[in-house]
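Below is one structure; the comments refer to it alone.
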Amino acid sequence: MIKKLVEIVGQDNFTDQLEELVPYSYDASMNVYRPDAAVWPESTEQVLAIVKFANENKIPVIPRGAGTSLSGGVVPIKGGIIIDLSKMNKILEVSIENRYAHVQAGVVCDDLNRELARHGFIFPPDPASSSVATIGGNVATNAGGIKGAKYGTTRDYVLGLQVVLPTGELMRTGSYTMKCVSGYDLAKLFVGAEGTLGVITEVTLKINPLPRYAMTAVATYARLEDAGKAIFQTMTSGVIPSVMEIMDKVTLKSIRENTDIALPDAEAMILTETDGFTWEEVEAQMEVVLGILKNNHPVEIKTARDEKDRLNLWKARKSAYATLARVSSSFVLDDVTVPISRIPELLVGIQGISQNYGIVVATFGHAGDGNLHPQILYNEYDPDQVERTHKVEKEIFHLAISLNGTLSGEHGIGISKANYMTLEHDPVEMDLMRRIKKTLDPNNIMNPGKRALD
Amino acid sequence: MPNQIKFDEKMRKAIVQCSRCSFCRAVCPIFDLTKRPIANASGKMILLKELMEGKLPLTESVAQAFLRCTTCMNCTTNCPSGVDPQEMVKSMRKDMVGAGFNNLFKAMGETIEKYGNIYGETERHDWGRKKEKAPYTLFLGCVGTYREEESVQETLRLLDILKVDYTMVDEVCCSGVLEDVGYSIKEDLARRNIIEIQKTGAKTLITTCPYCYRVFKEHPSYKDLGLEVKHITQFLKDFDFKVKTDKKVTYHDPCDLGRHAGIYDEPREIIRKIAPNFVEPRRTRENAMCCGAGGGFRGAFAKESVRIARNRLSQIIEDTGAEILLTECPSCLHNFRNAKRQKQKIEIYNLTEFLAKLYQEKTSPAKEAA
Ligand code: SF4
Ligand code: SF4
């Protein structure tokens, strides 16, 4: 194996040194499994050769971007070869006149957006990890982010892909056009597939004009129901804010106690933003949103229009993850998503589960699209806490599904949620998923052991 | 096999605190160059975790991995979980040595011990600036003294022009760098420096090297120094300079001056006085990318170090289109000058050196045009 891989990528782009494989045994979840080797291909041809070789020899291959996944998505549970795409990081074409960007899979999101910003354009999905996350990883997990309610997720921007299929063939699928119903939408099949169906090597993305103005408001509520009402009334008012975030009282308390950000002792805080091409448009939208926020008995409302004040209002939300990460050594960060009107039920439910098991769960997230992030705080070296954490997670999943929600809005299933797939998907659907996987990947070499597909 | 790593409370806490978010990938100069997770802070924290948990045996090549860090601290500044990976790297380098893994810096320690400088130079340039007594003592450090002599010459000229009453001393290496590469400061050298400096009767010690600045200021071996320690940018910030340039000027924050010592504003205050056309690079101040020279990295991996400087330099040129790049650190200056390609038009100076040049242009403009 070593000889063949070195032949394909060169000595400098191959490793089977234990200490180099150790970091590849992890992502940001708690799953740990060792790969047998790692390669840094520099071209699609090399990826093709690697996959062909792996398929002939039935060796698992795991495509990997920045490895920021929170689900074990890139952790090699069956060993095998890590294909690290970080060196394939060229922006191949930015076509403003045709509104697309064509990039290699290893391009970092922020790098792409910096390039697009020069033309006044943007690729809107903005996961928290955008400073390091790759476009290939975004596509593989259908990454979302804060602006999902208005701008959708990665799926909405994927026009076409170049994919190395598990059977060692190269496929270009999709289009360079804004519309396309020519054949099955195979490109979308690979979006969110977490590398189980092939290695994405190039991506054609639709891009948007960059909104020129934005206005921000923050509202706190003494009752969760009021906050919940404010959210779904806003989302159905005719105005779709570009941001509609919520933080629960555990999150607020943690920020208040561990930073110098002054926050009221409230049940929930909403952060919202309207954006647009002109000030008038932004203000008119905000007026509607503010009217609704005010109608639902807020404790306090603040607004900001200049950059400095805006950043101030954003401070609490931006610091949520870091504060919680500092308060507790270990945590699990989930991404259950429910229909928007069920958010208060989800929040109340999570708080109940947290109390039942004596495990702190702080919840914040993208209320505008129903996607919440319960951050479960525990100590990974305390077996009892680990067990209770698993139970908390399980109950949160059951709760989300019972509210007509889904296990994962934007992180993916990976290893961590694989056991819960049948909770959300009926046997017929599971069977079809497995058949699709088997058809494309008869030897089960592509990121095996994930999402209960094998 | 030696495997006596201590894993004290601080280390244990940092290891579990790292959430493996990988955000540090965006700022690590060595990761940027190699794209290898092991080069990144997160990779090193994971190695430490497995060492602590007994899952990874401590081998020579594991020990080697901890040498690949410029201790630039950019990961620390950008870590959402409050981890300070470079501090762990430094402490690990010491533990590794303690466990019997000598590293390539052992030779550097011996050189410093024997010659009083990191390069093993036997002759020290006499700058002709040594007096018996003066209110200010100037300390240059090894890199300036032995590798950027022309730049130092200009810095000295500037102090003369500004009529600063200073003296130099028979300095030896402050030897603080040994602490960062697995060994310990040389107490006898520290004592020698203290005695020499105190002899001058100076009230203030001015350093041109940001690293020396930190050592004099922070290291316990220098606690009896008894002088106020100032980096030269702190010392010069309130001076009136009678020179100006219209050229487009930018500034690179040395990691040791910026992130490590918190000195960001003083150099900028000086630059604003002399260069109205000043532009910041995109990655600047707390987020400035490292030039690749620090933490022993240049000594151990010279080629990669220069390639990192090349990346940083190209990025600065692309961001700013500046004609002049200023910094105030002999190591950064040295690395950038080595990295500069001929076709790159940018000129690179230490700020003090550039000021002296402006004074010279003012007094003999014809020369400049020639
Ligand atoms: S940024 Fe901090 S928490 Fe994240 S991987 Fe790096 S060291 Fe760990
Ligand atoms: S200190 Fe600098 S070189 Fe070292 S791991 Fe952190 S970012 Fe990388």
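Among the listed residues B:GLU353, B:GLU318, B:GLU304, B:GLU328, identify the single one that is open to solvent by 20 Å² or more (accessible area, probe 1.4 Å) and more than 16 Å from ligand 2 (Cβ to nearest atom).
B:GLU318
Among residues belonging to region A:351-379 that are of a type in the set (Ser, Thr, Tyr) and within 22 Å of A:ILE270 (Cβ to Cβ), point out the one that is nearest to the other protein chains (Cβ to nearest Cβ).
The extreme case among them is A:THR363.
Residues that are assigned to a loop (DSSP other than H, G, I, E, B), more than 30 Å from B:LEU351 (Cα to Cα), open to solvent by 20 Å² or more (accessible area, probe 1.4 Å) and out of contact with any Lys or Arg (no Cβ under 6 Å at 6 or more places or on another chain): does region B:62-75 have at least one?
no
Checking B:CYS75 against (1) more than 14 Å from chain A (Cβ to nearest Cβ); (2) near ligand 2 (Cβ under 9 Å from one of its atoms), which single condition isn't satisfied?
(1)
What are the residues in region B:151-183 that are acidic (Asp, Glu) and in contact (Cβ under 8 Å) with a residue 60 or more places away in the chain, if any?
B:GLU154, B:GLU179, B:ASP180
Run B:ASN3 past the list (1) part of a loop (DSSP other than H, G, I, E, B); (2) polar (S, T, N, Q); (3) modelled with pLDDT of 95 or more and report the number of the one that doesn't hold.
B:ASN3 satisfies every listed condition except (3).
Every residue, every condition in (1) surrounded by fewer than 24 Cβ atoms within 10 Å (Cβ to Cβ); (2) more than 22 Å from the chain's Cα centre (by Cα), yes or no:
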| position | (1), (2) |
| --- | --- |
| A:VAL22 | no, yes |
| A:SER29 | yes, no |
| A:SER43 | yes, yes |
| A:ALA49 | yes, yes |
| A:ASN57 | yes, yes |
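Could you give every pair whose Cβ atoms fall below 9 Å, whose first residue belongs to region A:292-316 and is closer than 10 Å to A:THR220 by Cα, and whose second residue is part of a helix (DSSP H, G or I) and β-branched (Val, Ile, Thr), counting only separations of at least 6 or pairs across chains?
So the pair list comes out as A:LEU293/A:THR234.
Among the residues of region A:1-49, write down those that are within 20 Å of A:ASN447 (Cα to Cα), facing chain B (nearest Cβ under 10 Å), out of contact with any Leu (no Cβ under 6 Å at 6 or more places or on another chain) and polar (S, T, N, Q).
Across region A:1-49, the qualifying residues are A:THR15, A:SER25.
Taking the options A:GLY183, A:GLY228, A:GLY192, name whichever one is under 19 Å from the mean Cα position of the chain (by Cα) and either of a type outside the set (Lys, Arg) or open to solvent by less than 50 Å² (accessible area, probe 1.4 Å) (or both).
One residue alone meets the criteria, A:GLY192.
If B:ARG282 satisfies all but one of (1) out of contact with any helix residue (DSSP H, G or I) (no Cβ under 6 Å at 6 or more places or on another chain); (2) surrounded by fewer than 18 Cβ atoms within 10 Å (Cβ to Cβ), what's the number of the condition it fails?
Failing condition for B:ARG282: (1).
Identify all residues within region B:207-237 that are surrounded by fewer than 23 Cβ atoms within 10 Å (Cβ to Cβ), over 19 Å from B:ARG268 (Cβ atoms) and within 18 Å of the chain's Cα centre (by Cα); write none if there are none.
Residues satisfying the conditions are B:ARG214, B:LYS217, B:GLU218, B:HIS219, B:VAL229.
Name the single residue that is most open to solvent (accessible area, probe 1.4 Å) among those in region B:39-53 being more than 13 Å from ligand 1 (Cβ to nearest atom) and part of a helix (DSSP H, G or I).
The selected residue is B:MET52.
Would you mind stating whether A:LYS90 is more than 21 Å from the chain's Cα centre (by Cα) and without any contact (Cβ under 8 Å) to a residue 40 or more places away in the chain?
When the stated conditions are applied, A:LYS90 passes them.
Considering only region A:344-361, I want to know if a residue exists there that is away from ligand 2 (no atom under 16 Å from the Cβ), assigned to a strand (DSSP E or B) and open to solvent by 10 Å² or more (accessible area, probe 1.4 Å).
yes
Check B:ALA65, B:ALA26, B:ALA14, B:ALA39 and return the single one that is of a type in the set (Gly, Ala, Ser) and more than 12 Å from ligand 2 (Cβ to nearest atom).
Only one candidate qualifies: B:ALA14.
Return only the number of the condition from (1) more than 28 Å from B:THR145 (Cα to Cα); (2) more than 14 Å from chain A (Cβ to nearest Cβ); (3) modelled with pLDDT of 95 or more that B:LEU48 does not satisfy.
(2)
When you look at B:LEU58, is it away from ligand 2 (no atom under 16 Å from the Cβ), open to solvent by less than 20 Å² (accessible area, probe 1.4 Å), at pLDDT 90 or above and in contact with a strand residue (DSSP E or B) (Cβ under 7 Å, 6 or more places away or on another chain), yes or no?
no
Being touching a helix residue (DSSP H, G or I) at 6+ places or on another chain (Cβ under 7 Å), within 7 Å of chain A (Cβ to nearest Cβ) and in a loop (DSSP other than H, G, I, E, B) is the filter; apply it to region B:6-35 and report the residue that is surrounded by the most Cβ atoms within 10 Å (Cβ to Cβ).
B:SER22
Would you pick out the residues in region B:44-55 that are more than 18 Å from B:THR77 (Cβ to Cβ) and either in contact (Cβ under 8 Å) with a residue 12 or more places away in the chain or within 12 Å of ligand 2 (Cβ to nearest atom) (or both)?
Across region B:44-55, the qualifying residues are B:ILE46, B:LEU47, B:LEU48, B:LYS49, B:LEU51, B:MET52.
Using beta carbons and a limit of 7 Å, which pairs, at least six apart or on different chains, have the first residue in region B:11-34 and more than 9 Å from ligand 1 (Cβ to nearest atom) and the second one basic (Lys, Arg)?
Going by the 7 Å Cβ cut-off, the qualifying pairs are B:ILE15/B:LYS49; B:ILE30/B:ARG68; B:PHE31/B:ARG25; B:LEU33/B:ARG307.
Take B:SER81 and decide whether it is facing another protein chain (nearest Cβ under 9 Å), over 26 Å from the mean Cα position of the chain (by Cα) and modelled with pLDDT under 95.
When the stated conditions are applied, B:SER81 does not pass them.
Based on what the data block shows, is B:ASN277 open to solvent by 60 Å² or more (accessible area, probe 1.4 Å) and under 20 Å from B:ASN40 (Cα atoms)?
Against the criterion (open to solvent by 60 Å² or more (accessible area, probe 1.4 Å) and under 20 Å from B:ASN40 (Cα atoms)), B:ASN277 does not qualify.
Examine region B:83-101 for a residue that is free of Cβ contacts under 8 Å to residues at least 60 places away in the same chain, assigned to a loop (DSSP other than H, G, I, E, B) and either away from ligand 2 (no atom under 16 Å from the Cβ) or crowded, with 18+ Cβ neighbours inside 10 Å (or both), and state whether such a residue exists.
no
I'd like to check something: does region B:104-113 contain any residue that is at the interface with chain A (Cβ under 10 Å from one of its Cβ atoms) and modelled with pLDDT under 95?
no
Give me a count of the residues in region A:83-130 that are farther than 30 Å from A:ASN447 by Cα and either more than 14 Å from chain B (Cβ to nearest Cβ) or surrounded by 19 or more Cβ atoms within 10 Å (Cβ to Cβ) (or both).
Residues meeting the conditions: 11.
Being closer than 26 Å to B:THR200 by Cα, in contact (Cβ under 8 Å) with a residue 60 or more places away in the chain, charged (D, E, K, R) and in a helix (DSSP H, G or I) is the filter here, so list the residues in region B:102-146 that pass it.
Correct list: B:GLU113 only.
The values are calculated or read from the model by the stated rules, or taken from the named source; none is laboratory data. Since we're looking at a predicted model, the values are computed, not measured. So basically every Cβ, Gly included, is an ideal-geometry build from the backbone, and we count neighbours across all protein chains shown. Surface areas here come from the heavy atoms of the whole protein model, side chains and all, with no ligands, DNA or RNA. Shrake-Rupley method; radii C 1.70, N 1.55, O 1.52, S 1.80 Å.
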